[in-house]
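K.L.:
This is the structure I have questions about; it appears just below.
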2 protein chains.
Amino acid sequence: MRTLHELKEPEKTLSADPSARRGIPDATVARLPEYLRALTGFAERGITSVSSEELAAAAGVRSAKLRKDLSHLGSYGVRGVGYEVDHLAYQISRELGLTQDWPVAIVGMGNLGHALAAYSGFATRGFRVVALLDQDTVLHEQEIAGLPVQPMEALPSLVTDQGLAIGVIATPAASAQSVCDQLVAAGVRSILNFAPCVLVVPEGVDVRKVDLSTELQILAFHEQRKSLAAQGALDAVAEAVSR
Amino acid sequence: MRTLHELKEPEKTLSADPSARRGIPDATVARLPEYLRALTGFAERGITSVSSEELAAAAGVRSAKLRKDLSHLGSYGVRGVGYEVDHLAYQISRELGLTQDWPVAIVGMGNLGHALAAYSGFATRGFRVVALLDQDTVLHEQEIAGLPVQPMEALPSLVTDQGLAIGVIATPAASAQSVCDQLVAAGVRSILNFAPCVLVVPEGVDVRKVDLSTELQILAFHEQRKSLAAQGALDAVAEAVSR
DNA sequence: GTGACTTTGTGCATCGGTTCACAAAGGCGT
DNA sequence: ACGCCTTTGTGAACCGATGCACAAAGTCAC
C-alpha cells in the first residue's frame, strides 16, 4: 500500500508551513456552523458582546467545549469580558470559507430536489445554486425556482465556467453512484448525498450523507428503549406491590 | 438538582436486569441502519450469507469495526463462514425497534414538509406517516399525498388514539421551538428537527437535527482547505523552480 | 474422524474528544 | 495606581471509539 502512504505525504509537508493553523478537529468544525448561527442571532438582537457561557447556551453545548473549540481558531476573546460578536462571527466565517460564495449544483429534480432548489436557506450564507440537473430529458427546458433544468452533460462546463465545486445528489439510490461518478469526473470534489446509499469516491473527494431514514431509525431505537424502560418500571412496581 | 438524579434512577435499576443487553454504544447504533440497508441489498440479490469483510465493504466501514459493532448485539455469526443475511437483518431490525411500526407526524407543510410527505422512504422500513400538520389555517382541508392537513390542535388525540411517538419538524426556524413545545406537551418524546435552530427540550425527549446549511458549511471548510493545499503546492513548485 | 483452513469475537493499545479545574490576563471600581 | 473580580485559554485526567492482532470456534475435504 505504498500509494496510500505517498498520497498523505503532501499533507505532512504542508503541516510544516509557518502559517500552520493546521488540524482543527473534525468535531470542532462540525460545531462551528452552529456557533455562527448563534452569533448571527445575537447580532440581530443588537448584542455586541457575549461570554462563552451565553454563547454556549445559545448553541446547545457546554462552555468549556465552546472555549476549547474557539481556541483552535486563535485567541479572539478578551479575558474578563467575553467575545465581540461581529469579530468572532467574521473569524468563524473566514475559517469555514464563507467569505467567498460557493457555487452549488443540485442533481435530481424529484420531490426532494424540487424542495432543495426552492429552499432559501442555501443563499443565506455563502452558497449559490448555479444549476439544476436531471438525467430525465422530459424535465429539460422546464424551469424550477427560476433556473432551467439541464442535462448531465452540462457538468464539465459548469465546473470550468462557473467554478462549481459542490454537488448535491437528490436522486433515487439506484442512480446516485452513477451521478456521483459524473460529478467527480467533471472535477467536483465535495458532495452532499441525500440518496440512501454508500457512495464510493476516489481519495480527495469529500462526501457527506444526509439520510432521513437513518435518523428515524436511530430515534426508533431510543424510543423503543424508553418504552421498554417504562414497561420495566411498571413491572418493578407490580412486583413490589405483589410482594 | 435532586430531580435530575432521581430521573436517572430507574435506568440504573434496569441495568441490573438479567436480560441486560444494555449499553450499545451510540456510535454503533448510528451505524446499524447502514448495515441493515446493506443486508437488504444482499438479500435482494439472493445472497444468503456474507462475511464481515463483504458486509463491511458494502456499508463503507472496516471489517473489524463491523464485527465489534455486531458483537454488541450478540453472537450471530458462524466462525469460518460468516453471517446469515436474513437472520442478521432480523436481529438488527429487532434491536432498532423496527419490528413494530412507528407512527410519524410531519409538522410544517412548506416546500420541505411537502417533499417529506411524498417521500416513499418513510414507509419502506418501519415508519408510517399518520398525520400532516400546519399552523396555517389556509392549508387545512387540503390534501397532500393522500393525507389531510390538520391543525396543531389535533396533536393530543393523535398521540392517544394513534400512538404517535415521533414528530418531524419542517417549519421555519422561527416557529420550530413553539411547535416542538406543542409536540412535547402532547407526549411526543422523539423529534427529528429540520429547522436550522437549537431546540430545548425536557429530560427524556430525544432530538436529532438534520441541517442542510450546516452540512454545506462543513463541506466548504474542507473544500477551502483543499484549495489552499493546491495553492500551497503550486507555490512550493514555483519556489523550487525559481531557486 | 481428523487436520487444515477460514472467519468470528475480543483483549489490548491507541487515538481523538470531552470535562474539569485553575492559572493567566485583562477590565473596572475606588 | 492598585487590587479585586470576571472570564478566557489550556494542561491534565478521563472516557469512549477505533484499529490491531490473534486465539477460539466452527466448516469442509478427504
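K.L.:
State whether the protein assembly as shown is rounded, prolate or oblate according to the following rule on the C-alpha gyration tensor (a ≥ b ≥ c being the square roots of its eigenvalues): a/c under 1.5 gives rounded; otherwise a/b larger than b/c gives prolate, and the remaining case gives oblate.
P.N.:
rounded
K.L.:
Set the Förster distance to 41 Å, then compute FRET efficiency between B:S227 and B:R45 from the Cβ-Cβ distance, nearest 0.05. Walk me through the numbers on the way to the answer.
P.N.:
Details: r = 40 Å, r/R0 = 0.99.
With a Förster radius of 41 Å, E is 0.50.
K.L.:
For chain B, what is the mean residue ellipticity at 222 nm derived from helices alone (per DSSP H run of n ≥ 4: -39500 (n - 2.57); sum divided by total residues; nearest 500 deg cm²/dmol)?
P.N.:
One gets -16500 deg cm²/dmol as the mean residue ellipticity at 222 nm.
K.L.:
Subtracting the Cα-Cα distance from 0.36 nm times the residue separation, let me have the gained length for A:S120 to A:A174 in nm, one decimal. Write down the numbers at each step before the final one.
P.N.:
Details: separation 54, 0.36 × 54 = 19.44 nm, distance 2.79 nm.
Full extension of this stretch gives 16.7 nm more.
K.L.:
Also, quick follow-up: Counting Lys and Arg as +1 and Asp and Glu as -1, each charge on the Cβ, what is the dipole of the protein assembly as shown about the Cα centre in debye, to the nearest 20? Write down the numbers at each step before the final one.
P.N.:
Working: 44 positive and 56 negative charges, 355 e Å.
Here the protein assembly as shown has a charge dipole of around 1700 debye.
K.L.:
Let me ask something additional. Mind telling me which of B:Q91, B:Q182, B:Q224 comes out most flexible in a GNM of chain B, alpha-carbon contacts under 10 Å?
P.N.:
Judging by the Gaussian network model, the answer is B:Q224.
K.L.:
Every other copy gets compared here: list the nm distances from the B:L73 label point (7 Å along Cα to Cβ) to its counterparts, shortest first, one decimal.
P.N.:
4.1
K.L.:
As an exercise, identify the GluC sites (Glu not before Pro) in the range A:127-203 lying in DSSP coil whose Cβ has no more than 15 other Cβ atoms within 10 Å.
P.N.:
For GluC sites (Glu not before Pro) across the range A:127-203 that sit outside H, G, I, E and B with at most 15 neighbouring Cβ atoms in 10 Å, the list reads A:E141, A:E203.
K.L.:
Are there any trypsin sites (Lys or Arg not before Pro) in the range B:50-86 that are in a DSSP loop and have at most 10 other Cβ atoms within 10 Å? List them by number. Before the final figure, lay out each step's value.
P.N.:
Details: sites: B:R62, B:K65, B:R67, B:K68, B:R79; in loops: B:R62, B:R79.
Answer by residue number: B:R79.
K.L.:
Shifting gears a bit: 7 Å along Cα→Cβ for the label point: how many nanometres lie between A:P151 and each equivalent label in the other copies, listed shortest first?
P.N.:
Distances between equivalent label points, in nm: 5.2.
K.L.:
At 7 angstrom along the Cα-to-beta-carbon line, where would the label on A:A240 sit relative to the other copies? Give the distances in nm, shortest first.
P.N.:
When each copy's label point is compared with this one, the spacings are 7.3 nm.
K.L.:
Let me ask you something else. Rounded, prolate or oblate: which fits the range A:102-210 when a ≥ b ≥ c are the square roots of the eigenvalues of the alpha-carbon gyration tensor, with rounded for a/c under 1.5 and prolate only if a/b beats b/c? Before the final figure, lay out each step's value.
P.N.:
Working: a/c = 1.28, a/b = 1.19, b/c = 1.08.
Because its axes are fairly even, with a/c under 1.5, the range A:102-210 counts as rounded.
K.L.:
Follow-up. Of all the residues in chain A, which one has the C-beta that comes nearest the axis relating A to B, and what is the distance in Å?
P.N.:
A:A115, 2
K.L.:
Please name which of A:M109, B:G82, A:F122 has its Cα lying farthest along the dipole of the protein assembly as shown towards the positive end, using unit charges on Cβ (Lys, Arg +1; Asp, Glu -1) and the Cα centre as origin.
P.N.:
Value: B:G82.
K.L.:
Using the Cβ atoms and a cut-off under 15 Å, what net charge is assigned to the surroundings of B:A56, where Lys and Arg are +1 and Asp and Glu are -1?
P.N.:
On the way: positive: B:R31, B:R37, B:R62, B:K65, B:R67, B:K68; negative: B:E34, B:E53, B:E54, B:D69.
Counting the neighbours of B:A56, the net charge comes to +2.
K.L.:
May I pose another question? What distance in nm lies between label points placed 7 Å from Cα along the C-beta direction at B:R128 and A:A238?
P.N.:
2.5 nm
K.L.:
Using a Gaussian network for chain B with springs between C-alpha atoms less than 10 Å apart, which of these wobbles most: B:D161, B:D26, B:D101?
P.N.:
B:D26
K.L.:
What distance in nm separates the two pseudo spin-label positions at B:S157 and A:Y90, each 7 Å out from Cα along the beta-carbon direction?
P.N.:
Label at B:S157, label at A:Y90, 5.6 nm between them.
K.L.:
Where both residues lie in the protein assembly as shown, what percent of DSSP beta bridges are antiparallel, nearest 5? Don't skip to the answer; put the middle values down first.
P.N.:
Working: 12 of 52 bridges.
In the protein assembly as shown, DSSP labels about 25 percent of beta bridges as antiparallel.
K.L.:
Starting from the Cα gyration tensor of the range A:23-96, take the square roots of the eigenvalues, sort them a ≥ b ≥ c, and report rounded, prolate or oblate (rounded when a/c is under 1.5, otherwise prolate if a/b is larger than b/c, else oblate). Don't skip to the end; give the middle numbers.
P.N.:
Values: a/c = 1.40, a/b = 1.31, b/c = 1.07.
Judged from the Cα gyration tensor, the range A:23-96 comes out rounded (a/c under 1.5).
K.L.:
Under a crude label model (7 Å from the Cα following the beta-carbon direction), how far is B:V78 from B:D181 in nanometres?
P.N.:
5.8 nm
K.L.:
Report the relative contact order of chain A, percent, no decimals, based on alpha-carbon pairs under 8 angstrom and at least 6 residues apart.
P.N.:
On the way: 281 pairs, mean separation 27.5, N = 243.
Here the relative contact order equals 11 percent.
K.L.:
Oh, and also: With Cβ to Cβ distances under 15 Å as the rule, what net charge do the other residues near B:V159 carry (K, R +1; D, E -1)? If you can, show how the numbers build up before the last one.
P.N.:
On the way: positive: A:K226, B:R128, B:R189; negative: A:E223, B:E153, B:D161, B:D181.
Neighbour charge sum, excluding B:V159 itself: -1.
K.L.:
Helix by helix, which DSSP H runs in chain A go 18 Å or more along their axis at the Cα atoms and have an average Kyte-Doolittle hydropathy of -0.5 or more? Don't skip to the end; give the middle numbers.
P.N.:
Working: long enough: A:2-15 (20 Å, -1.31); A:26-44 (28 Å, 0.07); A:173-186 (20 Å, 0.83); A:212-242 (44 Å, 0.25).
Counting only whole DSSP H runs, the qualifying helices are A:26-44, A:173-186, A:212-242.
K.L.:
What's the center-to-center distance, using Cα atoms, between the range B:87-154 and the range A:104-177 in Å?
P.N.:
Comparing the Cα centres of the range B:87-154 and the range A:104-177, I get a distance of 26 Å.
K.L.:
While we're on this one: First select every other residue whose beta carbon is under 10 angstrom from the beta carbon of B:Q150; then total the charges, Lys and Arg +1, Asp and Glu -1.
P.N.:
Numbers: positive: none; negative: B:D134, B:E141, B:E153.
Summing Lys/Arg as +1 and Asp/Glu as -1 gives -3.
K.L.:
A follow-up question, please. For the range A:206-233 and the range A:49-73, compute the distance between their C-alpha centroids and round to whole Å.
P.N.:
Cα centroid to Cα centroid, the span is 28 Å.
K.L.:
Let me check against my output: what whole-number percent is the relative contact order of the range B:89-154, with C-alpha pairs under 8 Å and at least 6 apart? Don't skip to the end; give the middle numbers.
P.N.:
Values: 85 pairs, mean separation 19.1, N = 66.
It rounds to 29 percent for the range B:89-154.
Here, each number is a calculation from the coordinates, and none is a lab measurement. Remember, predicted model here, so these are calculated numbers, not experimental data. Cβ sites come from the backbone with ideal geometry, for glycine too, and all protein chains shown count toward neighbours.
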